[in-house]
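For reference, the structure I am asking about is given below.
The values are calculated or read from the model by the stated rules, or taken from the named source; none is laboratory data. As the structure is a computational prediction, the values presented were derived from the model and not from experiment. Quick reminder, even Gly has a Cβ in these numbers, built from the backbone with ideal geometry, and neighbours come from all protein chains shown.
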Amino acid sequence: MSTRYLDKLFAPRHIVVVGASERPDSLGGMMLRNMLAGHSDIRLSVINEKGYESVLGVTCYRKISLLCSAEQKSGVQPDLALVCVPPEKVPGVIRQLGQSKIPIAIIATGGLSRTHSHSGRPLMYSVKELGLEYGVRILGPETVGVMVPSLRLNATYMHMSVKPGHVGFIGQSGTVASAVIDWSVSRGIGFSYLTTLGDGVDIDVDDLIDFMAQDRNTRVMLLHVERIRETRRFISAVRAASRSKPVIVLKTGINADLQWNPTPLAPGMYDSDALYNAVFERAGVLRVLSTDEMFDALETLSRIPKLYAEDIAIVCNGIGPSMLASDALTRANGKLARLSEKTITKLDQLLQPFWGRRNPIDLDYSAGPLEYAAVVDALDADPAVTTVLIMFAPNLTEDSLQVADSVIAASEQSHLRVLTCWLGAATVAEAREEFVQRGIASFATPEKAITAFMHMVNHRRNQIMLRQTPDSYQDPALDRHRIRKRLQSLMKKAPRSAADNGYLLMPEAVRALLKDYGLQCAETYFCATEQCVKALVRQLETTVHISLLHRFNLTPFHNEAAYTPRQRLTTARLETVKRVSSESEAEEACRLLRQRCSELYSNDDFVGYGLQLSEEVKSGIAFSMGITRDPTVGPLIFCGASGARTNAMVDRQFALPPLNMALARNLVIKTYAYKIVQEVSRDPEDTLVQLCEALVLLAQIAADIPELHSLEINPVRLDQSSLLVLSARAQLAEPVQLSIQPYPRELVEWIMLPLSRKRVEIRPVRSEDEDSHQQFLSELADDSVRMRFFQLRRNFSHDEMAGMVQIDYDREMAFVAVHEGRTLGEVRIYVDADQLRCEFAVVVLDELRGERLGWVLMRKVLEYATEQGIIEMFGLVLPNNRAMLGLAAKLSFAIRYDEDEDVMVVTRQLNEPEAWQAERMALRRAY
């Protein structure tokens, strides 16, 4: 959907509670008591059909229409309703809210998914349809409500409220939300917003992510997710949010998808957890597996600045805790920081002679506040150390609080990211509380501290994956249109798969597809009859392997879940006769295979025979790879080990296309196959490169051919020189989109500059443009830099440059003008979450004045934004930027002066807004 009316959900002026009474067990009454206890300035009213004069001192009306009539004079109409009536009355309430123009409702009532209407459908579907019909946005049903601590608003039935802070919580379960509230109060964590989705018939997690991503007061987002309904929307929203603030996700219900929402898994997938791992990793968020992990991750990411390195120094007044932390770090694939010689020399002067001269740093049992502070200062001076875990084991000689105070004072003066672990309970409780009050992460055990640190490391790694923008596969000889047309024509006559009614591709077509994209396939011959097989064996005059072809084994992942590795090996032997070298042997092999086919399958399943030269079936490392499709996520790329001794399904790892080499490498290294490469290959790096290149090509196939339902390449063998596909199966179906939009190649165009006659490419920016874009910014004159950035800037960090060229094409767009690898100009738009407005910025090299390049770029971006359905484009221009103001006037932008900001605001309407869009835009302009 969108963020439409969500401002009224989280910042209402007048709330009406429908169904509240003074009974202790009244749901509406509990929510009303919580709101009254908050002493908020928000106006409250109650609706109860029994006609009370008031409920808990709040004026009560029998009907919503009576309330709205009475409030017309005050001018403060209700803009949010809390619906707490029995399930069968909820649809009627939604209709009344729509008729009274109340735009948004929180339905706290539960059971609508189990209570049925007269037509036999669950009531939640009737509620959803009524909301759409009357334009009422709905949170719930079965939501706990919302908390906005900064407004003193607690519109929930929770047992306690939370304090104001900077964490936005979006949950699915009310009980999990209750635990989060209780824990946050004990840890001093504050929230900007707290809410749960419940059944989520309208407002979904992506809507709330979009809203909180735009909120400056929300610095960390915490998500509890049970299901994702619109994956592309979710990924787009969370990718946009995680670029500016940490996002932590707790996904529960691994088996719930099969029990309560029986959506089948993607073919070839072992369980849904692998799917969500792929989604969250590519979205740049940190996934946690338990509430305990969630709290620790929140503690760390909300208190410690982001990492710039992935190693850590460990300091303790004893070897035992240091070893526990070091072992936990090793198990989690973390790294210890290497101390510089200068730091070691400095520590030699501070510590006992037997301290070990390495990381972890043993301070000895007698270390006190001075030693701890001195060590922190020494590590602060070491450029190789950016994060430190400081631990303290209580003893008789030192006061734990005094040591804690010294660490706090030293860390506040340093650049270090500091985690603390004061071991024990009773004697260190006061010290731990002091750390919490001073905003320093504190943990009860070494293992918890290391887990928290690895959360930061994994979040950093996922952020790196987030900023990867895969390049499109460039091959002038590749005719994508021809390939797709060929496959679409094959769908009309291809046999149906018995498993899911898809269209099977014949082996010849699969090999042709792979060869078109540059993958090397073993030479294979296909015969429809035994006579053809004998003639081919006579012609080849060499030893061959003959395989039986039927619909079952032409289907990707053909019933592999039903087989163990030994059973799969036995089945493969039944379907293949090896080392046939004469016509008589070929005739006997065909007879034997047809006999086996009739025993295992229907005769109608028989397709023919496949022949491969024995020498083509090389030895080497065997892998499986390919493409599969999830019903909600869409295409996925997979990779794993292969062979009879390997359970290929268990080893498979998945990634969302499109891919580049970095993303492909990240996929491969998670597999057991990667360990095989490291142990067996003579040149592991070269083998890894070949494997990654093949995965990138498969991702491009998935992007180019949305009709490709699944493609299983198993096995593909890698020897020391090349990759060779031995067997591949594919299936077509109706086309679907990728969850992550690939590079929009269709937007590329060429122009000729009128004066210099340079041929210039106008195209969307790509990740590899970083160096040329950096050079472009450095070549701009000082005035041009001021006009573009509203200040004189000459230095841009790698992260800033990456943010400019590694963009989410679903959320923003940047077009660059390039001539012979040199960037000449750029135009960029930033689109809001509702696709209502976009802000533009354009700049061109000063040497190109008179070439009309700025006009070309603006025309390009105006056409793009109009086609995307964006309502309005605007830009902020300095008053003395006459060139830009002149260009804006020529392009029919309206121009006005903003006194508060001392800028000129130029706007142009691109499409006609709907009523809600116009209202939403008016609100944004007011802000």
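Just to check your reading of the model, which residue among 168, 198 is in a strand (DSSP E or B), crowded, with 23+ Cβ neighbours inside 10 Å and not assigned by TED's automatic domain parsing to the domain that holds residue 2?
168
Continuing with this model, one more query. Looking at the stretch 374-397 only, could you name the residues that are under 21 Å from residue 319 (Cβ atoms) and in contact (Cβ under 8 Å) with a residue 40 or more places away in the chain?
Once the filter is applied, which keeps residues that are under 21 Å from residue 319 (Cβ atoms) and in contact (Cβ under 8 Å) with a residue 40 or more places away in the chain, the stretch 374-397 yields 375, 376, 379, 385, 387, 388, 389, 390, 391, 392, 393, 395.
Looking at the stretch 814-836, I want the residues that are under 13 Å from residue 854 (Cα atoms) and have a partner that is part of a loop (DSSP other than H, G, I, E, B) with Cβ atoms under 6 Å, at least 6 apart or on another chain. Which pairs are those?
Once the first residue is under 13 Å from residue 854 (Cα atoms) and sits in the stretch 814-836, its partners that are part of a loop (DSSP other than H, G, I, E, B) give 816/765; 824/845.
Which of the following residues is part of a strand (DSSP E or B) and not assigned by TED's automatic domain parsing to the domain that holds residue 195: 102, 106?
Every option except 106 fails the conditions.
Results for (1) more than 14 Å from residue 16 (Cα to Cα); (2) crowded, with 19+ Cβ neighbours inside 10 Å, shown as yes or no for each residue.
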{"site": "31", "(1), (2)": "no, yes"}
{"site": "50", "(1), (2)": "yes, no"}
{"site": "69", "(1), (2)": "no, no"}
{"site": "88", "(1), (2)": "yes, no"}
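Look through 367, 384 and report the one residue that is crowded, with 18+ Cβ neighbours inside 10 Å, at negative phi and in the same structural domain as residue 345 (by TED's automatic domain parsing).
None of the other options fit; the residue is 367.
A follow-up question, please. Let me confirm something: among 45, 21, 65, which residue is over 37 Å from the mean Cα position of the chain (by Cα) and assigned to a helix (DSSP H, G or I)?
That would be 65, the only listed residue that is over 37 Å from the mean Cα position of the chain (by Cα) and assigned to a helix (DSSP H, G or I).
Among what's in the stretch 328-350 and is touching a residue at least 24 places away in the same chain (Cβ under 8 Å) and farther than 25 Å from residue 448 by Cβ, pick the residue that is farthest from the chain's Cα centre (by Cα).
Only one residue tops the list, namely 350.
Among the listed residues 379, 336, 389, 351, which satisfies the condition of being of a type outside the set (Asp, Glu), touching a Leu at 6+ places or on another chain (Cβ under 7 Å), surrounded by fewer than 22 Cβ atoms within 10 Å (Cβ to Cβ) and modelled with pLDDT of 95 or more?
Every option except 336 fails the conditions.
Just checking, which of 734, 800, 768 is closer than 30 Å to residue 902 by Cα, within 27 Å of the chain's Cα centre (by Cα) and among the acidic types (Asp, Glu)?
Step by step, each of 734, 800, 768 is checked, and only 800 is closer than 30 Å to residue 902 by Cα, within 27 Å of the chain's Cα centre (by Cα) and among the acidic types (Asp, Glu).
Ok, one more. If you take the residues in the stretch 245-266 that are more than 25 Å from residue 638 (Cβ to Cβ) and not in a strand (DSSP E or B), which one is modelled with the lowest pLDDT?
Selected residue: 260.
Inside the stretch 681-738, can you point out the residues that are within 21 Å of residue 549 (Cα to Cα) and among the hydroxyl-bearing types (Ser, Thr, Tyr)?
710, 727
Now for a different question. With respect to residue 305, is the statement that it is modelled with pLDDT under 95, surrounded by fewer than 23 Cβ atoms within 10 Å (Cβ to Cβ), over 23 Å from the mean Cα position of the chain (by Cα) and within 26 Å of residue 412 (Cβ to Cβ) true?
No, not satisfied.
Can you pull out the residues in the stretch 124-148 that are in contact with a strand residue (DSSP E or B) (Cβ under 8 Å, 6 or more places away or on another chain) and either part of a loop (DSSP other than H, G, I, E, B) or at pLDDT below 90 (or both)?
Result: 136, 140, 141, 142, 143, 144.
Is one or more of the residues making up the stretch 637-652 surrounded by 19 or more Cβ atoms within 10 Å (Cβ to Cβ), of a type in the set (Phe, Trp, Tyr), at pLDDT 85 or above and closer than 30 Å to residue 675 by Cα?
Looking for residues that are surrounded by 19 or more Cβ atoms within 10 Å (Cβ to Cβ), of a type in the set (Phe, Trp, Tyr), at pLDDT 85 or above and closer than 30 Å to residue 675 by Cα, one finds at least one in the stretch 637-652, hence yes.
Buried (at least 17 other Cβ atoms within 10 Å of the Cβ), under 31 Å from the mean Cα position of the chain (by Cα) and not acidic (Asp, Glu): does that describe residue 789?
no
For residues that are in a loop (DSSP other than H, G, I, E, B) and either of a type in the set (Val, Ile, Thr) or in contact with a helix residue (DSSP H, G or I) (Cβ under 6 Å, 6 or more places away or on another chain) (or both), tally how many sit in the stretch 739-769.
The total comes to 5.
Please count how many residues of the stretch 53-62 are in contact with a helix residue (DSSP H, G or I) (Cβ under 9 Å, 6 or more places away or on another chain) and assigned to a loop (DSSP other than H, G, I, E, B).
Total meeting the criteria: 2.
Could I ask something else about it? Within the stretch 686-727, track down each residue that is more than 23 Å from residue 670 (Cα to Cα) and assigned to a strand (DSSP E or B).
Passing the criteria: 708, 709.
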